[in-house]
Every structure is written in C-alpha cells, then in structure tokens.
Amino acid sequence: MDHVHYREYKILLKPEHFVRPEGFEHYWKLIHHIGKKLDVGVVTHPDGFNHKIREVLFYDTTNYDLYKNAFILRKRTFYKDGWPETDHELTVKFRHPSETIAAETDIHPHLEGEHKIKFKEELLPVKTELGLMRSLYSHNCELVSPNIVLDQGLEDITRVFPVMKKIDVTPKTRIELVNRVAVEEVQVDVGEFHFGHGLAAKATISIWRNRATETSLVGEFAFQAKFHRKEELHHAAKKLSEKFYCAVQAEAPEWVHLGATKTAMVYGLGGKPAGQHE
C-alpha cells in the first residue's frame with residue numbers, strides 16, 4: 001500500500017486580481033511579508049515570474065460518473081513559445097477525505113511504460129470560513145503520452161485502470177470533455193519556503209482561464225513539501241507550515257476565493273450536480 005509522500009497546501013484566489021501579469025508579483029509581496037513575520041524562510045527564484053502555459057482538459061461521462069466516484073481524469077499539455085510540446089501528461093486521481101480509503105484504492109496502471117505514483121495530502125481552506133484548514137487525500141498516477149483514447153468508451157480507460165471497473169456504469173458509456181471547457185493555465189514557479197528542520201516547500205501561483213471565452217475562472221496559490229514518511233515530519237516545522245497557511249488566508253482575505261477546488265469549479269460550470277466530496 002502506498003504512503004503519503006507529499007503535503008500540498010492550496011488556496012483558491014479571486015480571478016479579478018490576475019487580469020494583468022503584475023497580479024502575481026503583488027500577491028507574492030503579500031505572501032513574502034506574512035512569511036517574514038512568522039520567521040518562515042522565503043526565497044524568490046531569479047526567474048520566478050516567468051510564465052508557464054499549460055492546457056488542462058478533464059474527461060468524464062455525461063453524468064460525471066468518474067467524479068461522483070472520486071476519480072478525476074485529466075490531460076495536461078505544456079506549451080513553449082506558443083506551441084504545444086510533443087508529449088502530454090495524463091493523470092488519473094482518486095481524491096477522498098479519508099486517507100485510508102484513498103490509500104486502499106489501487107491506482108497503479110496495467111500498462112507498460114513510464115508512470116509515477118504520487119500520494120498527497122492536500123490541505124484546503126474550509127468552505128465557509130477563513131483561517132482554517134481541512135484535508136483531502138489524492139492518490140495519483142501520472143502517465144506520459146500514453147496510447148489511450150479519451151473521447152470514446154469508458155472501457156478504454158478501465159482497461160488500463162481496472163480500479164474504475166467498480167463504477168456502476170456500462171463499459172461502453174462514452175466519455176467526453178467535461179462541459180466542453182478547455183482550461184488555459186498560466187503559472188509561475190515563484191519560489192520556496194523553509195520551515196526549519198529540513199521541511200521545505202516549492203511555491204506556485206496560477207490562474208485558470210476558459211480558452212474559448214477567455215474568461216478567468218479562478219486563481220490558486222499553492223506550496224508543496226515532499227518527504228519520505230509524514231510521521232517523520234518535525235512537529236515544530238509542520239506546525240509552522242500550518243500556521244503560515246492559515247495566516248495567508250486570514251491576513252489577505254480580499255484575495256481568497258472560498259470554495260472547493262479548481263476541478264470542482266470546472267465541473268460546476270455545467271449547472272448540474274457533480275458531487276460534494278471535495
């Protein structure tokens with residue numbers, strides 16, 4: 001059984017603050033100030049405000065059967081100088097509030113070739129109040145340019161990920177682009193935080209836009225730490241990371257978009273129930 005090796009702290013941001021590139025720098029200055037007050041080591045990368053562009057696509061059945069069963073099927077394509085890279089990344093996630101249920105879900109693929117398994121604890125604000133946090137557990141498999149057809153029958157996916165066969169839907173059920181929305185993600189890998197005792201985290205700020213309408217959907221501030229076993233995290237460093245995470249929400253409330261996740265927001269564009277587990 002896989003164990004949690006990542007802790008990712010996420011905060012959704014109001015999109016109106018990122019209509020210009022300067023929004024990334026303005027927000028980072030606030031974060032830098034909050035971190036320094038709490039004695040968090042804050043490092044800004046020399047190229048931290050270089051923008052990276054990715055296209056993000058979600059696939060599901062018309063009734064969102066994958067998402068309602070806590071699965072996410074995402075294709076991500078990186079762009080360089082305006083052109084898509086040759087390879088793309090396909091990720092299957094099982095994301096659930098229970099660490100035990102997430103850990104027991106076998107997300108390993110029946111497919112030859114390179115793949116990565118990542119088991120993360122994702123920290124999110126509570127949905128109704130600033131300055132608090134809750135956890136989702138995300139068991140992920142990442143594949144590079146797999147030969148999998150995404151817009152036909154679900155059986156093409158379950159053949160590679162047998163764990164999805166437990167979903168109560170016929171194998172021939174068609175999957176398609178969720179709400180016909182192609183997301184453009186603009187991200188900066190802005191810097192990193194040091195919480196002491198060897199606990200460090202990489203920081204990113206991003207904005208998601210609807211590529212068809214050029215409408216800004218939501219922003220996100222995130223920082224992620226990687227470790228061998230979460231039980232080995234130093235208590236003081238872990239506590240400081242959580243204190244900082246809550247302070248970022250409470251001390252810059254005008255930036256925070258209270259809600260669920262970026263994925264949930266894309267699903268919500270369809271105007272029909274998509275499940276409440278996130």
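Values quoted throughout were computed directly from the atomic coordinates according to the rules given, and no laboratory measurement underlies them. All figures in this text were calculated on a predicted structure; none of them were measured in a lab. Glycine also receives a Cβ, built like all others from the backbone with ideal geometry; neighbour counts cover every protein chain displayed.
For the chain, take the longest principal axis of its alpha carbons; what is the angle in degrees between that and the long axis of helix 235-251, to the nearest 10 within 0 to 90? Around 90 degrees separate the two axes.
Given their separation in residues at 0.36 nm each and the Cα-Cα distance between them, residue 230 and residue 5 gain 80.3 nm when the chain is fully extended. At what distance in angstrom do the alpha carbon centres of segment 103-180 and segment 183-236 lie from each other? So the separation of the two Cα centres works out to 20 Å.
For segment 123-278, what class follows from the C-alpha gyration tensor (a ≥ b ≥ c being the square roots of its eigenvalues): rounded when a/c is under 1.5, otherwise prolate if a/b is larger than b/c, else oblate? The shape class here is prolate.
Under 16 Å of direct C-alpha separation, and excluding same-chain neighbours fewer than eight residues apart, residue 116 reaches these aspartates and glutamates: 2, 87, 89, 106, 142.
How would you rank 18-26, 51-59, 144-152, highest first, on the average number of other Cβ atoms within 10 Å across their residues? Before the final figure, lay out the partial values.
Details: 18-26: 14.9, 51-59: 17.2, 144-152: 13.1.
Final packing ranking: 51-59, 18-26, 144-152.
Against the chain, whose longest principal axis is taken from its Cα atoms, helix 22-37 shows a tilt of about 60°.
Listed values for segment 193-205 are Karplus-derived 3J(HN,Hα) couplings in whole Hz (6.51 cos²θ - 1.76 cosθ + 1.60, θ = phi - 60°), namely 10, 10, 9, x, 6, x, 8, 10, 9, 7, 10, 9, 10, and x replaces Gly and Pro.
Looking at segment 142-221, which GluC sites (Glu not before Pro) are in a loop (DSSP not H, G, I, E or B) and have at most 16 other Cβ atoms within 10 Å? Don't skip to the end; give the middle numbers.
Details: sites: 142, 155, 176, 184, 185, 192, 214, 220; in loops: 214.
Within segment 142-221, the qualifying GluC sites (Glu not before Pro) (loop, at most 16 other Cβ atoms within 10 Å) are 214.
Using only the C-alpha atoms, the convex hull of segment 102-163 corresponds to 127 Å³ per residue. Database remark: amide H of residue 191 closer than 5 angstrom to the amide H of 45, 203 (H placed geometrically; neighbours at sequence offset of 5 or more, or on other chains; Pro and chain starts carry no H). Could you tell me which of the pairs 165/202; 36/93; 165/238; 14/93; 37/75 are separated by over 31 angstrom between their Cα atoms in the structure shown? Where the Cα-Cα span goes over 31 Å, the pairs concerned are 165/202; 36/93; 165/238; 37/75. Karplus-based coupling profile of segment 207-223, in residue order and whole Hz: 10, 9, 10, 6, 5, 6, 9, 6, 7, 6, 9, 6, x, 8, 10, 8, 9, with θ = phi - 60° in 6.51 cos²θ - 1.76 cosθ + 1.60 and x standing for Gly or Pro.
Computed log10 I(q)/I(0) for the chain at 0.16, 0.17 Å⁻¹: -1.41, -1.56, from the Debye equation with unit scatterers placed on every C-alpha and solvent omitted.
I need the shape label for segment 1-66. Rule: rounded when a/c is under 1.5, else prolate if a/b > b/c, else oblate, with a, b, c from the alpha carbon gyration tensor.
Working: a/c = 2.29, a/b = 1.44, b/c = 1.59.
Oblate shape, in that a/c is at least 1.5 and b/c is the bigger or equal ratio.
Just report the Cα centroid separation between segment 249-278 and segment 54-85, whole Å. Centre-to-centre distance over Cα atoms comes out at 17 Å.
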